[in-house]
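J.: First the structure, then my questions, so here it is.
The values are calculated or read from the model by the stated rules, or taken from the named source; none is laboratory data. Since the structure is predicted, the reported quantities are computational estimates derived from the model, not experimental observations. FYI the Cβ positions are ideal-geometry reconstructions off the backbone, even for glycines, and counts take in every protein chain you see. Keep in mind that these areas ignore ligands, DNA and RNA; they rest on the heavy atoms of the full protein, side chains included. Shrake-Rupley method; radii C 1.70, N 1.55, O 1.52, S 1.80 Å.
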Amino acid sequence: MGLTREELVEYFAQMGEPRYRADQVFRGLYQRRLRSFEEMTDLPKALRERLSQAASASKLTVESSFTSVDGTRRVLMRTGDGHPVETVFIPSEGRDTICFSSQSGCPLKCDFCLTAKLGLLRNLTPGEIIEQIVVVLNDVYGVGGETPHGTNLVAMGEGEPFLNFENLIKSLQIMSDEEGLHIVPGRVTVSTAGIVPKIYEFAKLERRPNLAISLSAANDKLRDKLMPINRRWPISDLMKAAKAFERTLKRGERFTFEYVLLGGVNDSDRDAAELAAMIREHRLNKVKVNLIPHNPAEQLDYFPSEPEQVKRFKAALEAEGISAYVRTPRGRDIYAACGQLAAKSVAVASIAAGIVAEPAGI
Ligand code: SAH
């Protein structure tokens with residue numbers, strides 16, 4: 001688990017096995033989505049036993065799986081050394097989305113995010129990143145079952161993907177293989193809180209996924225407070241990197257700014273005007289803005305914006321010619337929505353605390 005097809009071929013060559021065995025195992029892991037060598041009955045029994053001793057077809061154990069009233073599912077897994085890994089399946093009519101984790105916990109201290117409270121436990125390996133998708137697809141469609149809509153992937157679970165850059169890129173490379181999961185980069189979005197040097201590095205990749213940058217404030221004073229990573233790479237540096245990335249986009253391609261709307265904190269008409277001015281000042285004309293209503297939790301001191309204010313904020317951006325969308329909260333009742341992943345072993349979030357599954361009415 002976690003080797004590219006070429007690396008598997010090399011591995012089998014060293015075992016003195018023919019190349020087609022590597023292809024069989026690769027398809028076993030990623031097309032048939034088997035999580036043990038014993039189940040790969042197209043391999044001779046002796047080889048299965050040798051592999052079971054020498055290698056690993058599975059790195060994660062599933063601890064629990066929760067289903068929201070809106071159909072969203074959250075799967076809580078553990079690494080071999082006991083760290084939590086969370087993955088969310090978000091069904092939708094067109095295409096399903098899987099939101100996966102790049103790290104267990106997160107080192108960034110975004111003030112409005114529950115995952116921040118875990119701190120960083122550790123980076124996930126390429127195998128652990130990919131297995132999340134295998135486990136969730138099996139959970140929803142049965143082992144090896146067809147995925148009727150295909151799947152979009154978003155690196156928006158626990159962790160900061162650009163602080164685990166190499167493992168992330170390797171896992172995406174393996175997931176794009178047509179002999180395996182075949183999830184091509186165009187169907188993948190990586191979200192960063194703004195690790196500026198990695199945005200430049202990402203921009204240079206030849207086959208790369210889509211990019212989303214979590215912004216949530218358009219001035220340094222507020223962003224320093226909400227997202228302390230801003231003290232290292234302030235908005236002007238981040239905008240330069242965003243512009244450099246934008247220049248590498250092809251015709252029709254866009255990238256995203258995510259903006260978590262926090263009631264009374266960053267959602268005023270003035271905040272919207274400031275955001276629009278910032279986008280114009282840096283001549284970003286291939287950016288769209290995803291407005292994310294804040295998902296509350298008991299330990300967070302923030303509240304969602306009034307639905308009316310969300311509408312005004314969106315309209316203010318649109319009036320300046322900027323595309324803006326409001327993300328519908330999904331899975332709030334099972335701690336599966338954005339910023340709610342904190343390895344909770346409970347199924348139902350507290351309704352009394354205002355944590356309900358219903359969309360914000362927008
Ligand atoms: N670390 C990366 C990947 C996580 S993506 C990043 O920050 O981009 C998770 C998204 O959810 C980010 O855009 C983050 O700003 C947002 N988010 C965090 N806490 C939230 C909350 N409580 N409600 C809504 N969105 C939240």
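J.: Which condition breaks for residue 16 when tested against (1) more than 23 Å from residue 146 (Cβ to Cβ); (2) open to solvent by 40 Å² or more (accessible area, probe 1.4 Å); (3) in contact with a helix residue (DSSP H, G or I) (Cβ under 9 Å, 6 or more places away or on another chain); (4) not hydrophobic (A, V, I, L, M, F, W, C)?
T.: It fails just one condition, (3).
J.: Out of the stretch 121-153, which residues are surrounded by fewer than 22 Cβ atoms within 10 Å (Cβ to Cβ), of a type in the set (Asp, Glu) and closer than 24 Å to residue 110 by Cβ?
T.: Passing the criteria: none in range.
J.: Please specify each residue of the stretch 194-234 satisfying the condition of being touching a Ser or Thr at 6+ places or on another chain (Cβ under 7 Å), in a helix (DSSP H, G or I) and in contact (Cβ under 8 Å) with a residue 60 or more places away in the chain.
T.: 226, the sole residue that qualifies.
J.: Is it the case that the stretch 176-184 has a residue that's on the phi < 0 side of the Ramachandran plot, of a type in the set (Gly, Ala, Ser), surrounded by 18 or more Cβ atoms within 10 Å (Cβ to Cβ) and away from the ligand (no atom under 13 Å from the Cβ)?
T.: Yes, there is a match, as at least one residue in the stretch 176-184 is on the phi < 0 side of the Ramachandran plot, of a type in the set (Gly, Ala, Ser), surrounded by 18 or more Cβ atoms within 10 Å (Cβ to Cβ) and away from the ligand (no atom under 13 Å from the Cβ).
J.: Let me ask something additional. Here are some residues: 118, 114. Which one is open to solvent by 20 Å² or more (accessible area, probe 1.4 Å) and of a type in the set (A, V, I, L, M, F, W, C)?
T.: 118
J.: Just the residues that are among the hydroxyl-bearing types (Ser, Thr, Tyr) and either open to solvent by less than 60 Å² (accessible area, probe 1.4 Å) or modelled with pLDDT under 95 (or both), please, taken from the stretch 3-13.
T.: Result: 4, single match.
J.: Give the residue, chosen from 35, 78, 74, 21, that is within 23 Å of the chain's Cα centre (by Cα) and free of Cβ contacts under 8 Å to residues at least 40 places away in the same chain.
T.: 78
J.: Scan 111, 96 and give me the residue that is within 16 Å of the ligand (Cβ to nearest atom) and in contact with a Phe, Trp or Tyr (Cβ under 8 Å, 6 or more places away or on another chain).
T.: Only one candidate passes the filter, namely 111.
J.: Does residue 207 fit the bill of being surrounded by fewer than 18 Cβ atoms within 10 Å (Cβ to Cβ), away from the ligand (no atom under 14 Å from the Cβ) and closer than 30 Å to residue 31 by Cβ?
T.: Here the answer is yes, as residue 207 does meet what is asked.
J.: Let me ask something else. Out of everything in the stretch 49-83 that is of a type in the set (Ser, Thr, Tyr) and closer than 28 Å to residue 12 by Cβ, what residue ends up being modelled with the lowest pLDDT?
T.: Per the criteria, the residue is 56.
J.: Anything in the stretch 136-167 that is within 16 Å of the ligand (Cβ to nearest atom) and either closer than 19 Å to residue 95 by Cβ or of a type in the set (Asp, Glu) (or both)? List them, or say none.
T.: Within the stretch 136-167, 152, 153, 154, 155, 156, 157, 158, 160 meet the criteria.
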